[in-house]
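First comes the structure, then the notes that go with it.
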Amino acid sequence: MKKILFIFFITVFAMKAHAQNFANDLYHAYGNYLERSILTRRFPPEDYIKLMEQFVQSGLLSKEKLGSSVSGRELNLYRWGKGETRIFLWSQMHGDESTASLALLDIFHFLADTHSFKQEKHLMHDAVSLYILPLVNPDGAEAFTRRNSIAIDLNRDALRLTTPEARILMETYLRLKPHYAFNLHDQQPRYSAGNSHKVAAISFLAPAPDQEKTITPNRLQAMKVISGMTEVLNKIIPGHTAKYDDTFEPRAFGDNFQKLGGATILIESGGWPGDPEKQFIRKLNFLIMLDAFYRISRGGVELYSTELYDSLPFNDTRLFDVIFRNCTYLADGQRFTVDVAINRNESVQPDGKLAGYSEVEEIGDLSVFYGSEEYDLTGYEIMTGSVPERQYSLSELTPEVVADLHRKGFHTVRTKAGKIGGNFSKFEVNLLLNSEREHPDRLLLNRNASFVVSKDSKPIYLVINGYLLYPLTGAGFVRNGTIIK
Ligand SMILES: [Zn+2]
């Protein structure tokens, strides 16, 4: 009995070690499989479909047309593998949550490559069948919005099924009756992993099948799969993995699929400092999904307890994008000691490109919060600064003129309204359109984050639309200015 137990433990150890090696090797080989034609979160869904078509043409994947979205864009189901264990994956039911969609392309490149990881691919091909429904919400992907083209959140339509996209997703699940169901999303990029300064790069959940959060056999299985993926991430990004809110949502797909019996796994792609296009998170998606398929193929899921799943902290909101600490704030002729927190948001411009707008989120004692970026401004004064009296025409704002304005301590200039649309300035300076309008003399919450950082009343740094610049040398980076109307 003891000997059998011993052999069992040795086997468990060997199998776990083998899985770890696979993840480690994948991590280093990832560059070979990256789909390089899309490196941004926003892309036309047609481009994606074309890339998928290449995998179909090459014989890697088979394709089944499932139907169309409200605006007539196609939804397809792709299949790889001939195994009995059915794994269903769907992505981007929220149109602006594309990280996993891109990771899936990388996964198909990996599976298509005939020279590497032959043994592992062979094993997976025989053991599992992957069914993939990418871009569940292609109209939302086109507009880069969460909701579909009639502003319905598909993930609140799993009961009523009034939208064609939700109907297709539900019908496909019911027809496949998958053993495993991967629900692929992006969460807001500044959740912290519990009460920590670490951003939640990936958050998992084995969604609850009911209000009581019952741990059914399939939910337990999902927790084990997540424990395996957590083990992989703990080696690469320790402390940056969290658990998503587990409140039961009766109208959501993950909760319903868990209730219907498939081991349902939610993967939420979060943020990573300095990675606005989430290319590192994309790589992590590639890694954990392939690793999970491999584990499932080897029967390795059973080796895991739920310990690592249980150890995951919940998403928390302890994190701002930037915190400037210990500033002496000059306002109303008085001096205050404050920390200032800024979040860098973005939205779609009229030309379809993404631009940044940063807002002051908090002022005061922020000692219980963390910044993804932090600056200690002890000994520095901050003030909103002034705006030159004269009006600049846009053609005057050459890089040299803008750099000179920066050196003089200006982050905003007056300009004639002209034909400027939208809310963004392509210049590294904000544009004040209404010459009547006074520049605010104090920081306002939820307003543009631009101010001057001085020492002994001499401007040293500028914060322009949330980005720190050192005008003397030009060091630093401004994503874009804003238009103040
Ligand atoms: Zn989502």
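The values are calculated or read from the model by the stated rules, or taken from the named source; none is laboratory data. Just so it is clear, the model here is predicted, and its values are computed rather than measured. Cβ placement follows ideal geometry from the backbone for every residue including glycine, while neighbour counts extend to all protein chains displayed. When the accessible area is computed, the model is the full protein with side chains, heavy atoms only, and any ligands, DNA or RNA have been set aside. Shrake-Rupley method; radii C 1.70, N 1.55, O 1.52, S 1.80 Å.
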task = For Glu165, indicate whether it is within 15 Å of the ligand (Cβ to nearest atom) and either among the charged types (D, E, K, R) or not in a strand (DSSP E or B) (or both).
result = yes
task = Identify all residues within the range 171-191 that are within 13 Å of the chain's Cα centre (by Cα) and in a strand (DSSP E or B); write none if there are none.
result = Leu184, His185, Asp186
Selected residue (criterion: nearest to the ligand (Cβ to nearest atom)) from residues of the range 81-115 that are over 26 Å from the mean Cα position of the chain (by Cα) and open to solvent by less than 20 Å² (accessible area, probe 1.4 Å) = Gly81
query = Can you spot a residue in the range 128-138 that is part of a strand (DSSP E or B), within 16 Å of the ligand (Cβ to nearest atom) and either open to solvent by 50 Å² or more (accessible area, probe 1.4 Å) or touching a strand residue (DSSP E or B) at 6+ places or on another chain (Cβ under 9 Å) (or both)?
reply = yes
note = Counting only residues in the range 257-283 that are within 11 Å of the chain's Cα centre (by Cα) and of a type in the set (A, V, I, L, M, F, W, C), the one most open to solvent (accessible area, probe 1.4 Å) is identified as Trp272
ask   = Of all strands (runs of 3 or more DSSP E) completely enclosed by the range 351-464, which ones contain at least 1 residues that are touching a residue at least 60 places away in the same chain (Cβ under 8 Å)?
value = 354-364, 370-376, 381-383, 412-415, 451-455, 458-464
request  = Give the range 17-74 a look and list any residue that's over 28 Å from Phe117 (Cα atoms) and open to solvent by less than 30 Å² (accessible area, probe 1.4 Å), or say none.
outcome  = Phe43, Pro45, Gly67, Ser69
request  = Name every residue in the range 172-184 that is in contact with a strand residue (DSSP E or B) (Cβ under 9 Å, 6 or more places away or on another chain) and within 16 Å of Arg79 (Cα to Cα), in order of residue number.
outcome  = Thr172, Tyr173, Leu176, Lys177, Pro178, His179, Tyr180, Ala181, Phe182
